[in-house]
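The values are calculated or read from the model by the stated rules, or taken from the named source; none is laboratory data. Please read these numbers as outputs of a predicted model, since none were measured by experiment. Don't worry about glycine lacking a Cβ; one is built from the backbone with ideal geometry, like all the others, and counts go over all protein chains shown. For accessibility, only protein heavy atoms count, side chains too; no ligands or nucleic acids. Shrake-Rupley method; radii C 1.70, N 1.55, O 1.52, S 1.80 Å.
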Amino acid sequence: MGEVSTAGSGAGSGVGARVRRKEDDRLLRGRGRFVGDIALVGMKELAFVRSPVAHATITGIEIPEEHRGAVFTWADLAAGGVKPIRAVSGLPGFKVSEQPALADGKVRFVGEPVAVCVAATRAEAEDIAASVFVDYAELPVNSDMLEAVTPGAPKVHDHWPDNVFLETNVGGNIAEIAATAPVKVSRTIRTARQCMVPLEGKGVVAHWDRHVEQLVLTTSTQMPHIVRAGLSECLDLDQGLIRVVAPDVGGGFGWKGLLQPEEIVAAWIAMRLDRPVRWTEDRREHLVAAANAREHHYEITAYADARGRLLGIEADAWVDAGAYSVYPFSACLEAAQVGSILPGPYDFAHYRCRTFSVCTNKPPIVPYRGVARTGVCFAMEQMIDAVADAVGREPWQVRLENLVPPEKMPFDNVTRKHFDSGDYPESVRRAVAAIELEGWRARQKAGEPDGRLIGVGFATYCEQSAHGTAVYHGWGIPMVPGHEQAQARITPDGGLELRVGVQSHGQSMETTFAQVAHEVLGIPLEKIKLVHGDTGLTPYSTGTWGSRSMVMAGGAVATACRTLAERLRKIGAHLMQAGPDGAVLEGGSVKAGAAAVTIREIAHTWYRAPQLLPADVDRGGLEVTAGYKPGSDHGTFSYATHAVAVAVDPEIGQVEILDYVVVEDAGTMVNPMVVDGQIYGGVAQGVGTALYERMPYDAEGQPLASTFADYLIPGFTEVPHVRIIHMLTPSPYTEFGVKGIGEGGAIAPPAAICNAINDALKPLGVIVTNAPMTPEVILSAIAGKRGAA
Amino acid sequence: MKAVDFDYAQPATLDAALELLSREDVMVRPVAGSQSLGPMLNLRLAQPELLVDITRIAELRTIRREGDRLVIGACVTHARLEDGDYPDVTRGVLPSVAAVIAYRAVRNRGTIGGSLAHADPAADWVNVLTALGADVVIAGTGGRRSVPMTDFILGVFETALQPGEIVAEIHVPALSDRARWGYYKVCRKTGEFSHATGAVLIDPARGVQRCVAGATSGKPVVIDGPALFAGGCTEAAMAAHLAGSPAADDPIALRTHTVALKRAIAQVMS
């Protein structure tokens, strides 16, 4: 456990090599197999009747006579013993919501499933859905989280005293600093509600396999084992009677990291009708019924000395958690994270944060790439720039003033986060140099011929990833990860099968886990097969989330392979009639002096010629299941500084990104190309959060965007060419020193871009504090100043 | 998000198409590139019983010079206008504007006639062809009629087309050698719908000094004469020209429309 290796020279195809992805041959040729590609004999398609109103009592559901038998409601499911989804946070004071898979007499957000329709094709199922008449008695709506917590606000859940899932208080001891600090700056900061828009939406095929007597759910998920647990609870079916399989999955980002009501419905229908059924989420369903990420509101104050040294941070934060608590992350993960990670990568002593997970008539909030960090970084990094402005220093200088210095590593911060390693200030210095700040400052002074305003912005964060047991227990999440397990099996022909319970949907695990195994065993990548995402074939895992898979499952793969290596070495030594101590496993062979025996020969001996084995051979053979946890339960801390130069057109409010630099430290990189890919993708999504993506709601809780014509995401021309500079501080606690990196790219862009825009707007004396920073937001800020002048 | 069940016909001649389109026993709609109608079908905002695909009608896919005009068939795609395999009489207006319509994938299928028939105020051709002074030739079972652009677009998604009629041709007048034009649109991102469009044309030989403000939640606003070119493109002036449009009452929208037109004007003045 926690063994540190300096392996990974980058040569060959082991840890550190920029190996091309094994999965691309399949995926880039369009030969993947997604839910939409599956065809089972007799399969029916499902379409959902969804609520067109945000809050209402259902007073009647009329199903046309000719469609009886093809339409099902909660009454049918409940009669069949189906239970609502309950995701109960362990934090004291949490209020429990019950989410029936189909509405039970009441709807609480637009898009909530009310009934399900079954037909031979999706179009026919939609025809039936259009013929179902639901009578809604509309109720007052909570469309805004700040209004939902005011006295007299309509209640989303009737039996609750208010609309707050949970209130938390972190820290304290701020009053004295507040009274005496030389510098005090306050901001109101907000991030918009977003959709995650993976290329492939959700989708599920369910059928009952009569041969193995199992419900088989092939679903576009990040966490098959957790979906199985949730299905078992809601369907009251033993887990042994359920197999959950993730086929190729076209992006998740968190949207596929939960138990979906539609999965429960599909499973139940398949059993009820005894035939395969499929549901595929279409883009409109996704935009309307799954606008479920990122919505935070901060009232935040920073206290500092005259140099900009932070003395304390005080904040109230509201998170719009939507109508229900999602399984397994609950309605409170986001706000619990806000409370514990708002201090960011900085070293200061005084902190108080109150958080509210607010229940509203919107889709339930789901952790999206970066989870609360994107909002937290957006808030905290604006405060750093605000302090810098107040004390008249460059924002990067104030970052250097406050970042945890390398000599203090490992470091426990004000919320007792254990930063494992790294040189945070150096990431800022390199970003300042790489973006060529002085050049931009000169250009700012000279002015642009087209009248646009130049700005440069920075944002620094550290990202806790591969969260450990204590961390998740502390956040009250009803799914605490423990040891991660991997199976490694030498095949009779000397190849290797790896089985992991995490699921790869863009993370390149088929390549990178093979690289880890190759590093230990020397077996060529093409002879290593990863089996993942299938409860029937893999060890239990909480799945792929929280930038955990390389640290946790990669660590388990390495651990299992090491055990295999030792067994191979002993058998190999025996075959060469060498003493076990003189033999080494190297380059896929066991060697003793000039003699060598390949893994293939050893495998043949174990499986086909066991008469040649030593008498004391390990009875476990060439198959190992190993569990792994890093040496620290706090998770790893990767970190980065993003620097961006923008041009703001003050006449039309548009922002062009002129240059974008990421200086990041992922520890040891198993495959730097894959790390780069994660960063590029993350930054693209971060640009969306910063400049484009927002699901607007009207006062009646109606989502005002339902296609990509209204919900804008960045395209080719909006995503900058990102220049990445790697730092490389191995984590002291993990196999090879790796750190989680999957989410990081999406964390800093809104903060860095916001700071750059405000730098540009400085001559106009205005700031923007809300994301996305649309032309309307920027022009309103400018117009406000003009109006006031 | 699947369309309702509908029948589909792909006639080879204009007469056959018009006959189908005149049927009164079914709800019938013409379709060309399907770049606007396609999504509307899938969203079930349009639920026709019969779709008449007019893109196989050869005469609707031709471009030809006729005296001082260029005659463009309704089913000519934006991509073809972008690529320019025709005698451009517009000093680059047609290929330049075509190149900034949505994305190439849309341009490969979307047609000039379909764009006009759809009459989205943010559409490029709706505003540019108005600035150019083009005429639209409409075909129906009763024959053909020619309508100037200013009378063809009547409002948001509203045109002079009567039931059973389709756009057959667009007649674009040739610009003189000294004509200058400008085009500027404000889009949130490349290929997205315009929030404010400015299209301007100065053609002294033909006595044209024309500004068009588009994407105004109504038909294109045409402002003829020298005033705006002579530094008169101010928010106050635009408020008067846009009177009655929601853009006139929203300070940010008004500003954006003014800037779009001002920048289009700057292109011809530079």
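Would you mind getting the Kirkwood hydrodynamic radius of region B:180-269 from its Cα pairs, rounded to one decimal in Å?
Kirkwood radius, region B:180-269: 12.9 Å.
How much accessible surface does A:Phe708 have with a 1.4 Å probe, in Å² rounded to 10?
80 Å²
In terms of the Cα gyration tensor, with a ≥ b ≥ c the square roots of its eigenvalues, is region A:466-514 rounded because a/c is under 1.5, prolate because a/b exceeds b/c, or oblate?
Prolate, since a/c reaches 1.5 and a/b exceeds b/c.
Restrict the search to region A:177-251; then list the trypsin sites (Lys or Arg not before Pro) that DSSP places in a loop and that have at most 16 other Cβ atoms within 10 Å of their Cβ.
Passing both the DSSP loop test and the Cβ count: A:Arg210.
Going through the DSSP H helices of chain A, which span 30 Å or more along their own axis at the Cα atoms while scoring at least -0.5 as a mean Kyte-Doolittle hydropathy?
Span-like helices in chain A: A:549-575.
Give me the percent of accessible area attributable to carbon and sulfur for region B:180-269, probe 1.4 angstrom.
Heavy-atom surface of region B:180-269 belonging to carbon and sulfur, 1.4 Å probe: 58 percent.
Which sequence of A:Asp158, B:Asp88 reflects their accessible areas, 1.4 Å probe, from the largest down?
Order by accessible area, largest first: A:Asp158, B:Asp88.
Please give the per residue accessible area of region A:596-687, computed with a probe of 1.4 Å over protein heavy atoms only, in Å².
33 Å²
Write down the accessible area per residue of region B:7-53 in Å², having rolled a 1.4 Å probe over the full set of protein chains.
Ligands and nucleic acids excluded, the result is 53 Å² per residue.
In region B:1-39, which residues become less accessible by 50 Å² or more once every protein chain is in place, relative to the chain on its own, using a 1.4 Å probe?
B:Met1, B:Lys2
Given DSSP loops and a limit of at most 14 other Cβ atoms within 10 Å, what is the longest stretch of chain B that contains no such GluC sites (Glu not before Pro)?
Formally, the longest exposed-site-free interval is B:50-270.
Just give the residues from region B:186-205 buried by at least 30 square angstrom of accessible area in the all-chains context relative to the isolated chain, probe 1.4 Å, and say none if nothing qualifies.
By number: B:Val186, B:Arg188, B:Lys189, B:Thr190, B:Glu192.
For helix B:251-269, what angle does its Cα long axis make with the longest principal axis of chain B, in degrees from 0 to 90 and rounded to 10?
80 degrees
Percent of accessible area on chain A owned by carbon and sulfur, 1.4 Å probe?
Here it works out to 51 percent.
How big is D, in µm² s⁻¹, for chain A by Stokes-Einstein at 4 °C and 1.567 mPa s if Rh is the Kirkwood radius over C-alpha pairs?
Answer from the Stokes-Einstein relation: 47 µm²/s.
Rounded to the nearest whole Å², what accessible area per residue is found for region B:74-155 with the 1.4 Å probe?
Per residue, region B:74-155 has an accessible area of 33 Å².
Any residues in region B:231-259 that have 50 Å² or more less accessible area with all protein chains than in their chain alone, probe 1.4 Å, and which are they?
B:Ile252, B:Arg255
Go through B:Arg29, A:Arg441, B:Arg80, A:Arg416 and list them by solvent-accessible area, largest first, probe radius 1.4 Å.
A:Arg416, B:Arg29, B:Arg80, A:Arg441
Checking the a/c ratio against 1.5 first, then a/b against b/c, what shape does the Cα gyration tensor give for region B:54-173?
Note, shape of region B:54-173 comes out rounded.
Pairs of alpha-carbon atoms within less than 8 angstrom and 6+ residues apart define the contacts here; what relative contact order does region B:61-173 have, in percent?
The value is 29 percent.
I'd like the interface area for chains B and A: accessible area of each alone minus the complex, both sides summed, 1.4 Å probe, protein heavy atoms only. What is it in Å² to the nearest 100?
Using a 1.4 Å probe on protein heavy atoms, the buried area is about 2100 Å².
Take peptides A:634-644, A:295-305, A:460-470, A:62-72 and line them up by average Cβ neighbours within 10 Å, highest first, as a rough protection proxy.
Per-residue mean Cβ counts within 10 Å order the peptides as A:634-644, A:460-470, A:295-305, A:62-72.
What lysines does A:Lys44 reach when the alpha-carbon gap must be under 25 Å and sequence neighbours fewer than 8 apart in one chain are set aside?
Those lysines meeting the cut-off are A:Lys83, A:Lys202, A:Lys256, B:Lys2.
On a straight-distance basis, which lysines could pair with B:Lys189 in a cross-link, Cα separation under 24 angstrom, same-chain partners fewer than 8 positions away excluded?
Leaving aside lysines fewer than 8 places away in the same chain, those within reach of B:Lys189 are B:Lys219, B:Lys262.
Per the helix-only calculation at 222 nm, which mean residue ellipticity applies to chain B, given -39500 (n - 2.57) for every DSSP H run of n ≥ 4 and division by its residues, nearest 500 deg cm²/dmol?
It lands at -8000 deg cm²/dmol.
Apply the a/c threshold of 1.5 to the C-alpha gyration tensor of region B:7-53 and tell me whether it is rounded, prolate or oblate.
oblate
If each of A:Lys408 and A:Asp274 carries a label point 7 Å out from its Cα toward its Cβ, how far apart are those two points in nm?
Result: 6.8 nm between the two label points.
Excluding same-chain residues fewer than 8 positions from A:Lys22, which lysines have a Cα within less than 21 Å of its Cα?
Within reach: A:Lys527, A:Lys529.
With a 1.4 Å probe and all protein chains kept in place, how much accessible area does A:Trp475 have, in Å² rounded to the nearest 10?
So the heavy atoms of A:Trp475 present about 10 Å² to solvent.
Using only DSSP helix segments of four residues or longer, with each worth -39500 (n - 2.57), what per-residue ellipticity at 222 nm results for chain A after dividing by its residue count and rounding to 500?
-8500 deg cm²/dmol
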